[in-house]
Amino acid sequence: MNRFLGVKLDIQLSEDCLILHGSRNESVGSVLRGSVVLHIKKEVCVSFMTLKLKGKTEILWPKTFAGNVLTSYERQNLVLYHWNLLPIEEGPFTLAPGEHRYSFEFIFNGFLPETIRIKNGLVKYKLVAVMGRNTLRPNLVSEKELVVRRFAQPSLLDINQTYPIVDTWENMLDYTIFISHRMIALSDSLSVFLTFLPKGPEIKVKHITFFLLEFLTLRRTKSNKRQVNTRWFSLRSRIEEPRTSYNRSYSVSFPREHEEKVHFDCNTELIEITHKLQVRVTFSAGKSVNAIVVKVPIHIMPESFEMMGESPPCYEQLPVMNLPSISPPPYH
């Protein structure tokens, strides 16, 4: 409860989303800024005012035993930081009517994972503000989720270089497939270039389909077990007139109905999400019908490079704080 008898407690952040630039091993972190705001209609006595930042990662591991589905959990605490917004030794305090604002800052470690929500797992951060009163009245509590996003910082080579795949299918069809770039946001489009050279007049390309494959991996650190779930999203399907040769580029985009279902790429101790673009080429050779399937790794980002901009985040000198130490994960 964040409101009681003319007193309202809020948490306001300077940015709706905290951005981390670079991978977990590259990022220098970011600065979380905000204020705890107390709105008072009449004079009130306050014993204490605190704020906590909490972060956790959690996975659910369902398994079947004797015909019953049992669910086990694995949780890790990522961060826990505490602010005393009022000096404890000087309380209690009498606050006059009006707005009272208490600013806070926190240097967010770049190694911390970004926010994730999947069916059987999550990475979540939240802020909890508490205004303490005397023993006869309840404390006021206000909670706010902190959304953390991570943007990769690839080199220009990674962004612009094409990735050709050249091969021959059973001495019947030479083909070349390559994509314009491998890092893409859900609001972007991806150019796919295809060239086919049949080795006989009876070989004809019939149609081409595009799919996004999403791989959700859950890890159990104690047992070193993993569970991988694959999801498929249809991106585009274009049927062409049968022809003996084919040379064309496609602009592949994500349908709007998929934007809220597809997750961003991430790699944490318990949860990993990766993607591949699948190109399926169906062609006929006489009376038989065959298909070539090519899968290319791509990286799904929260925002496009145009939205992110090329300027690095600005950092200001902050007072030294005792922050929780975070060790890199073990790799097996």
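Of everything listed in (1) over 20 Å from SER251 (Cα atoms); (2) in contact with a Ser or Thr (Cβ under 9 Å, 6 or more places away or on another chain); (3) aliphatic (A, V, I, L, M), the single unmet condition for LEU212 is (1). Quick one: in segment 193-229, of everything that is under 23 Å from the mean Cα position of the chain (by Cα) and of a type in the set (S, T, N, Q), which residue is modelled with the lowest pLDDT? Of everything passing the filter in segment 193-229, THR221 is modelled with the lowest pLDDT.
Scanning segment 285-297 for residues that are surrounded by 15 or more Cβ atoms within 10 Å (Cβ to Cβ) and either touching a Ser or Thr at 6+ places or on another chain (Cβ under 9 Å) or more than 16 Å from ILE179 (Cβ to Cβ) (or both), we see that the one that is modelled with the lowest pLDDT is ALA285. For HIS181, the criteria (1) surrounded by 18 or more Cβ atoms within 10 Å (Cβ to Cβ); (2) within 23 Å of the chain's Cα centre (by Cα); (3) assigned to a strand (DSSP E or B) hold in every case but one, which is (3).
Any chance you could count how many residues in segment 123-146 are β-branched (Val, Ile, Thr), more than 18 Å from SER103 (Cα to Cα) and either at pLDDT below 95 or open to solvent by 40 Å² or more (accessible area, probe 1.4 Å) (or both)? Residues in segment 123-146 being β-branched (Val, Ile, Thr), more than 18 Å from SER103 (Cα to Cα) and either at pLDDT below 95 or open to solvent by 40 Å² or more (accessible area, probe 1.4 Å) (or both): 1 in total. Within segment 29-41, residues that are under 9 Å from LEU13 (Cα atoms) reach partners that are part of a loop (DSSP other than H, G, I, E, B) and of a type in the set (Ser, Thr, Tyr) with beta carbons closer than 6 Å, at six or more positions or on different chains, in the pairs ARG33/SER14; GLY34/SER14. Of the residues LYS42, LYS52, the single one that is under 30 Å from ASN267 (Cα atoms) and open to solvent by 50 Å² or more (accessible area, probe 1.4 Å) is LYS52. Might you let me know whether segment 319-329 holds any residue that is over 20 Å from VAL205 (Cα atoms), open to solvent by less than 70 Å² (accessible area, probe 1.4 Å) and either β-branched (Val, Ile, Thr) or modelled with pLDDT of 90 or more (or both)? Yes: segment 319-329 contains one or more residues that are over 20 Å from VAL205 (Cα atoms), open to solvent by less than 70 Å² (accessible area, probe 1.4 Å) and either β-branched (Val, Ile, Thr) or modelled with pLDDT of 90 or more (or both). Taking segment 185-278 and the strands (runs of 3 or more DSSP E) fully enclosed by it, the elements with 1 or more residues that are open to solvent by less than 10 Å² (accessible area, probe 1.4 Å) are at 189-198, 203-220, 246-253. Scanning segment 6-19 for residues that are within 25 Å of PHE93 (Cβ to Cβ) and assigned to a strand (DSSP E or B) yields VAL7, LYS8, LEU9, ASP10, ILE11, GLN12, LEU13.
The values are calculated or read from the model by the stated rules, or taken from the named source; none is laboratory data. Quantities reported herein were computed from a predicted structural model and do not represent experimental measurements. Positions of Cβ are backbone-derived with ideal geometry, glycine not excepted, and every protein chain shown enters the neighbour counts. Note: accessible area is taken over every heavy atom of the protein model, side chains too, but ligands, DNA and RNA are not part of it. Shrake-Rupley method; radii C 1.70, N 1.55, O 1.52, S 1.80 Å.
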